[in-house]
1. Output the residue which, of all residues in segment A:211-241 that are surrounded by 22 or more Cβ atoms within 10 Å (Cβ to Cβ) and out of contact with any helix residue (DSSP H, G or I) (no Cβ under 6 Å at 6 or more places or on another chain), is nearest to A:Arg302 (Cα to Cα).
2. Among the residues of segment A:94-105, what is the count of those that are open to solvent by less than 10 Å² (accessible area, probe 1.4 Å) and either over 24 Å from the mean Cα position of the chain (by Cα) or charged (D, E, K, R) (or both)?
3. Check B:Glu254 against each of (1) in contact (Cβ under 8 Å) with a residue 40 or more places away in the chain; (2) open to solvent by less than 50 Å² (accessible area, probe 1.4 Å) and name the one condition it does not meet.
4. A:Asp118 fails exactly one of the following numbered conditions: (1) modelled with pLDDT of 80 or more; (2) part of a helix (DSSP H, G or I); (3) touching a Gly at 6+ places or on another chain (Cβ under 8 Å); (4) open to solvent by 10 Å² or more (accessible area, probe 1.4 Å). What is the number of that condition?
5. Among the residues of segment A:137-174, write down those that are within 14 Å of chain B (Cβ to nearest Cβ) and modelled with pLDDT of 90 or more.
6. Residues in segment A:572-585: is at least one outside any helix (DSSP H, G or I) and open to solvent by less than 20 Å² (accessible area, probe 1.4 Å)?
7. Taking segment A:422-481 on its own, how many of its residues are open to solvent by less than 90 Å² (accessible area, probe 1.4 Å), in contact (Cβ under 8 Å) with a residue 24 or more places away in the chain and acidic (Asp, Glu)?
8. So, in segment A:175-218, of the ones that are among the polar types (S, T, N, Q) and at pLDDT 90 or above, which residue ends up nearest to A:Ile531 (Cα to Cα)?
Amino acid sequence: MRLQDVLNRISSDSIKAVQTAYVWERFSTPWPEALLHPDELFEAANRLSVWSRRLLGYWILTVGPLPIQEEKLLNRSVPDAGLAAAEMKAAVQELCACGILYAVRKSWGERLLFMPADCYIAWRQTLDEDDEWAELTRSSSGEKLDTAPGATFTRRLLRAYATLERLGLTLTGKGLFPKKTVDNVTRLLDMPVSNIMARLRPVHENVYPVPFAMALDIALKLGLIQFEDGRYNWSVSALDDWLGGDERIREAEMAQLVTMMYGFHSPQEAFFTSGLLKLEPRCQFTTNAGMGLDPFHIEWMRFLDGCGWAQYEADADGGCTFRWLIDPIADRRDALESAHGEAVIVLPDGELIVPPYAGLAVRWKLERIAQWVRDDVVSIYRITAESAASAAERGMQADEQLMLLQEAAGGIPLPDELVHAIRHWSASACRTSVEDVVLLRCEAKEIADAISERTELKELLVERLGDRTFIVRAEKTAKLRKELERAGWPPLMNEADRSRSAASHKAEASASGKRRNGTQQPLTNGLHSFIYNEHAVERYELLAPTLAPGSSDGAIEQWFPSDWPTAWTGPMRSYHHSTRKLMIESALEWGAPIQLVTGGQSVELLPERLESGSEPWLVSGYIRKDSRIEHVRLSPDMWEEMRIVIPRMAPNESGS
Amino acid sequence: MEQNLKPLIVLSDMTLLFDDRTTGSEEARAKLSGFAELMKNAGHLHTYRMTPLTLWNAASAGMTGVQVIETLCRFSKYDMPSGLADKLKRLMDRFGRLRLNRLAGPGENSLVLSGDEEIMQELQEEQSLQSLLGSRGSGEPFRLSAERRGTVKQELMRLGYPVVDAAGYREGETLPLALRGQLCGGSAFTLRDYQSQAVARFVQGDSAAGGSGIMVLPCGSGKTIIGIGVLAALQCETLILTSSVTSVQQWEAELLDKTTLGNDSIGQYSSQEKRVRPVTIATYNMLATSGREERDYRHMRLFNERDWGLIIYDEVHMLPAPVFRMTADLQATRRLGLTATLVREDGRERDVFSLIGPKLYEMPWKQLEQQGQIAELRCEEVRVPLPESAERNYWIGDSRTRVRLAAENPNKTTVVRHLLDRHKDKKTLIIGAYIRQLKSLASALNAPLLTGEVPHEERAKLYEAFRRGEERVLVVSKIANFAVDLPDAAVAVQVSGSFGSRQEEAQRIGRLLRPKQEDNSAVFYTLVSDGTMEVDYALKRQRFMTEQGYRYGLTTVKAQEGEMN
């Protein structure tokens, strides 16, 4: 789930509440926009409590963009995250209240926590402890080479969508896209076979090849197509938005989207694939066999190479080189002033040279009026007799084609030869048309003459053909019948009408039979994705960001029993062993950490278990120092003083 | 140089798109021509191509891969395609590392291919070379028969391995001759700069490119003179093959005019006479004529009749299949192909390269025009409406009928008259494809008609009359496509053509391009029936000229009056 998908499902009150959270106070970029900008997130992280920051670090490394059961998270809090249960709860609450983490509830009440996938990518760029990819890019001495991308996945996708638009989104009787459509789109995507592709499961895997399913999946995700009233339709506004803007940004967005959709199957995968996005563009990175790349890593880099976004090459020694050919994290704020791109060069022989970042909108226009030749540093199209005639057949006459071309050429006059050629080719096309019409035939000319005079019938007629026949308005057939009956000329029922009539009788009988039997055919619904996503949380109820009332600020002492002796949570003291045991038990029950003084030093203990079977009793847990934890087993005489620590929500405080 | 003002776009297949509108483009163009060849010139974006041969030519002139890459980077508007720099370096580094020599010894007819062991290993692994080169021991060269020389060189070139061919060629029987410094008429004669360059490129000896190959130059640029220049440089007995008897006669005339050769040294081998001399000129038709037995091409004996040191293929794009096959066996003899349009609608240009040799020299049409070496040309397409009755028949007819109706549009006659009136003081050719149409035009214009049926002597007389100005208009059939020398035609009106043939269009235009004494300009009109298939054919036909940098203006004739706008 991405951030926008979340925002579409929460109320405006919740949005306002999050915006006023202290973390976002006086931020240059407000929430939620800030969630997608690493610079802003860095500042936001500094405002969070120490436990939230620790949880975030743990989350990025271990949970990633995948949902996790809240209970499972709490169970892992001590050994994995180095957080006491109470600290973990406090951190979760704070991060949810700040709109950084979200929760969904399954139908039986279980809660799943998740971070939106695009936010995860942004956080990946912000927090980079223990991140060898960040280390790699910082220490890179790789050669920076200026090489241009060729036929990127985005461009191929655009061509596939243009073809889809041409062929239409109509489904067959079985509710599937026609084979011709599927084959064309698959061919245009031209994706090399890879294990990454092989593991994706299309919803109709017996019918749709993976590339086709990907194309439609992405179109749905981008909002380019929608399912309404039993059919798919293009969203003109979404399409205009996608086509507009800087092409470099669109490439980056697509690279990230594909990473989110197909490279986030596990937290480990997500850590790697999002880490790759951090590598400096155009810089060549070399790994050797000892770097511990596993088969998935290699497949993913190869997949990116196949998408035209990167260059990957394995060497004979088990290592590889990798380089981004695009900047995968360019964002809208990087958009160049020349967002509209360079103009297309139009040659007299009909060849069109499209500069590298001319813009998707320009390419879309050219797809409608020209034949694609190839993609290279520039893309090459050609206006041919076939392309001009094809455009004309789809309703685009010569003037419109020339206008599109002129716009693409940036206002530079088009070569005369080409203008004349387009006019000639378009004029030859569409001098005929094939239409489905409804005819009214009359037995005699006199009847036809009379019909054309009657006011009630005249308005239903479109055109007279010869003496005895009319084209009539198809949608007014029923009214036409009535008027003809009224005028004394009840029309003969034709074959189709007779068949329809018989069929409707059958259908009625069948339906009534089914009603009696209590069964009913389900309606065909549109798909929310064309590729199965086992981690999808969209189907669950999204909870509002603030989890517990009144707990988004101040301390969380209310979670803890009010009958604890005040001294236990006060300054450090020495206690009798039995009291120590009691305190340990209480801390275990409530998930609180314990501060100890041992050997004159103050340490934090995250108790895990009390071992009362032995004498003296032992407490096992983790000593936490800085961000590291170390497992220990302590007997009560191994420390001098102690207290229970109640976590606070205040920023940058540890609660001590 | 600001990025968006740089003139070059470099593509991954070694194609270069050059924008001549940008500042500094002249400097870039000069550098490009050192390692790339101009492919087309449409509009302001010219297409160049780096090929292994152009790169090796650059290497032989001392250029390195690094220098080529630096030039490309310096002038390139966008980033270089991935992997191209490595490819260029690899290709150029290979130059000089393979060598073909003749095995020493009397009667020895074998060659040896030797070079860097690393490259030799690579060649050993190439499947396509295994049957050609056989096997060898480590450190040993490959041995191959002389007959495979051409095929091996072509295959090596295709694979990206240049070979320095030091095996030499048959010298042929020596024939002493020189170019005249002064012609019979008294005027001075010397080769033009580009003609000298072309000759030098051919005779450059043992380079990877020298020895045999094709020269592509515009009509009217003096390809015949280049052939004669090569002959004079090599000083050997020569067989010249050309397309028609008229061309044979013209070659003979030029040889007598421009060289010190006498009548006894030059022979014609055609249907009219068969004289084999130290320089013999024959037609392709003659050689491709078979006897009673199938494949008995008895005139092919001509190839072995004398010890030729050079074979010249004039209008090499017309090389017929049987002559192709015979040519494959002549690898030890230098072969020179001449043409203005190495374009074949059947796409068999590659066969010409592989059997004659690679393209050694090319001179763009526009460049020669700018230098004044050929006439300045204007092209115009005139759209002529069909009369109503013909239009009706056009739409109900099949495609064959439509082609004829469009081509023989009677309204074209009116337009031709108008054009003749416009250029009343210029010698004009009316060229067409259909005899019936041409007869009708000749009759209507009271002009002589020249077809393949007209005997050679009468044809020669008509040419002479046209040359002298006694006849201002000639109506000519397809024979105008071939090597016909009409030095003073300044206007041509094409009334019909062979479908979408680019070559035919270029060849017909070529009839106008010889430089003229006073007004060095020419106009080519092509009459096209509006709204018919002829328009589509015209667009195809014009492509070659458009790629040479020529633009066609468009005029539409008004339907009613038949008058031009």
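1. It comes out as A:Met214.
2. Residues flagged as open to solvent by less than 10 Å² (accessible area, probe 1.4 Å) and either over 24 Å from the mean Cα position of the chain (by Cα) or charged (D, E, K, R) (or both) within segment A:94-105 amount to 1.
3. (1)
4. Every listed condition holds for A:Asp118 apart from (3).
5. A:Thr152
6. So far as segment A:572-585 goes, no, none of its residues is outside any helix (DSSP H, G or I) and open to solvent by less than 20 Å² (accessible area, probe 1.4 Å).
7. Number satisfying all stated conditions: 1.
8. Once the filter is applied, the top-ranked residue is A:Thr186.
The values are calculated or read from the model by the stated rules, or taken from the named source; none is laboratory data. This is a predicted model, so every value here is computed, not measured. Positions of Cβ are generated from backbone atoms using ideal geometry, with glycine treated the same way; all protein chains shown enter the neighbour counts. SASA here: full protein model, heavy atoms, side chains in, ligands and nucleic acids out. Shrake-Rupley method; radii C 1.70, N 1.55, O 1.52, S 1.80 Å.
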